[in-house]
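Enquirer: The structure's right below; bear with me while I get my questions together.
The values are calculated or read from the model by the stated rules, or taken from the named source; none is laboratory data. What you see is a predicted model, and the numbers here were worked out from it, not measured in a lab. As a convention, Cβ positions derive from the backbone with ideal geometry for all residues, glycine included, and neighbour counts pool all protein chains shown.
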Amino acid sequence: MIDRASLKQSAKDKLKGKWGTGVLISLIYFLITGVFSGLGNIKDVGPIFSLASIFINAPLTIGLAITYLVCVKTDNLVFENLFSGFKIYPKSLGMYLWMILWVVLWALLFIVPGIIKAISYSQSFFIIAENPNVKVRDAMKISMKMTDGYKGDIFVMALSFLGWALLAIVTLFIGFLWLGPYISATFANLYVKLRELSIQSSACTEEMFNGTRTLVQ
């Protein structure tokens, strides 16, 4: 059983005195992704921007994982880390595309299998964020090992933010600027905890996380 309350409280503690930076990160992230999403709805040129959004979202997703993983591990919330996924662009794009592919394929079987697989692969971005030397397919396999036995906890963790999300919507979505950092820091804490538990149970090893043990040939 994952202690959701302690992970969420720790996230708030880590963000104390850093909410301004967190809001700025959310604002820039939402603006960039929102612009491409909006342009994707324009007739004729929409498909081009929809495709372009994938190439932008990929490094930003990894960058967001790096940003909050650094925050919960070092107490430093650095705005520039949001763009650090561009430094490992091929790995960022590969991780993003591979994740989408498998989640969509499982979702085609029905919604529930898609959700389960999305949770299974949910730690992949953090794994790559922590160590880009890990192969994309290895990251997904490690994530599956990490989440084994904890999928229900992760699902409930996500649902626990539903009330806050509804309040954020009432504020004309402005509240998401604060909710984003809270959620991101909480799930970064969750990754650190799952990593620790997976090593303690011998489901994973340090060699897997640092990329020196290859799972996929």
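Enquirer: From (1) touching a helix residue (DSSP H, G or I) at 6+ places or on another chain (Cβ under 6 Å); (2) assigned to a loop (DSSP other than H, G, I, E, B); (3) at pLDDT below 95, pick out the condition that doesn't hold for residue 44.
Expert: That leaves (1) as the condition not met.
Enquirer: Restricting to segment 160-181, and then to whatever is assigned to a helix (DSSP H, G or I) and not hydrophobic (A, V, I, L, M, F, W, C), can you tell me which residue is farthest from residue 29 (Cα to Cα)?
Expert: Per the criteria, the residue is 163.
Enquirer: On to the next question. Considering only residues of segment 181-204 that are of a type in the set (S, T, N, Q) and over 17 Å from residue 129 (Cα atoms), which is surrounded by the fewest Cβ atoms within 10 Å (Cβ to Cβ)?
Expert: We begin by selecting, within segment 181-204, every residue of a type in the set (S, T, N, Q); these are 184, 186, 189, 198, 200-202.
Right, trim to over 17 Å from residue 129 (Cα atoms) and you get 198, 200-202.
On the way: 198: 23, 200: 9, 201: 12, 202: 7.
The residue in question is 202.
Enquirer: Identify the single condition in (1) more than 21 Å from residue 121 (Cα to Cα); (2) modelled with pLDDT of 90 or more; (3) assigned to a helix (DSSP H, G or I); (4) not charged (D, E, K, R) that residue 35 does not satisfy, given that it satisfies every other one.
Expert: The failed condition is (2).
Enquirer: Let me ask something else about it. How many residues, within segment 64-82, are surrounded by 15 or more Cβ atoms within 10 Å (Cβ to Cβ), assigned to a helix (DSSP H, G or I) and either on the phi > 0 side of the Ramachandran plot or touching a residue at least 24 places away in the same chain (Cβ under 8 Å) (or both)?
Expert: 9
Enquirer: Okay, next question. Would you mind finding the one in 157, 140, 146 that is in a helix (DSSP H, G or I), out of contact with any Leu (no Cβ under 7 Å at 6 or more places or on another chain) and among the hydrophobic types (A, V, I, L, M, F, W, C)? Spell out the reasoning first.
Expert: On the way: 157 fails: out of contact with any Leu (no Cβ under 7 Å at 6 or more places or on another chain); 146 fails: out of contact with any Leu (no Cβ under 7 Å at 6 or more places or on another chain).
Only one candidate qualifies: 140.
Enquirer: So, in segment 123-137, how many residues would count as being surrounded by fewer than 21 Cβ atoms within 10 Å (Cβ to Cβ) and assigned to a loop (DSSP other than H, G, I, E, B)?
Expert: So the answer is 4.
Enquirer: Given the criteria at pLDDT below 90, in a helix (DSSP H, G or I) and not charged (D, E, K, R), does residue 98 qualify?
Expert: No, not satisfied.
Enquirer: OK, next. Can you list residue pairs whose Cβ atoms sit under 8 Å apart, with the first residue in segment 202-216 being in a loop (DSSP other than H, G, I, E, B) and the second being β-branched (Val, Ile, Thr)? Count only pairs 6 or more apart in sequence or on different chains.
Expert: Pairs found: 204/142; 205/199; 211/134; 213/205; 215/142.
Enquirer: Which count do you get for residues in segment 84-119 that are over 20 Å from residue 155 (Cα atoms), of a type outside the set (S, T, N, Q) and either touching a residue at least 60 places away in the same chain (Cβ under 8 Å) or buried (at least 16 other Cβ atoms within 10 Å of the Cβ) (or both)?
Expert: Qualifying residue count, segment 84-119: 8.
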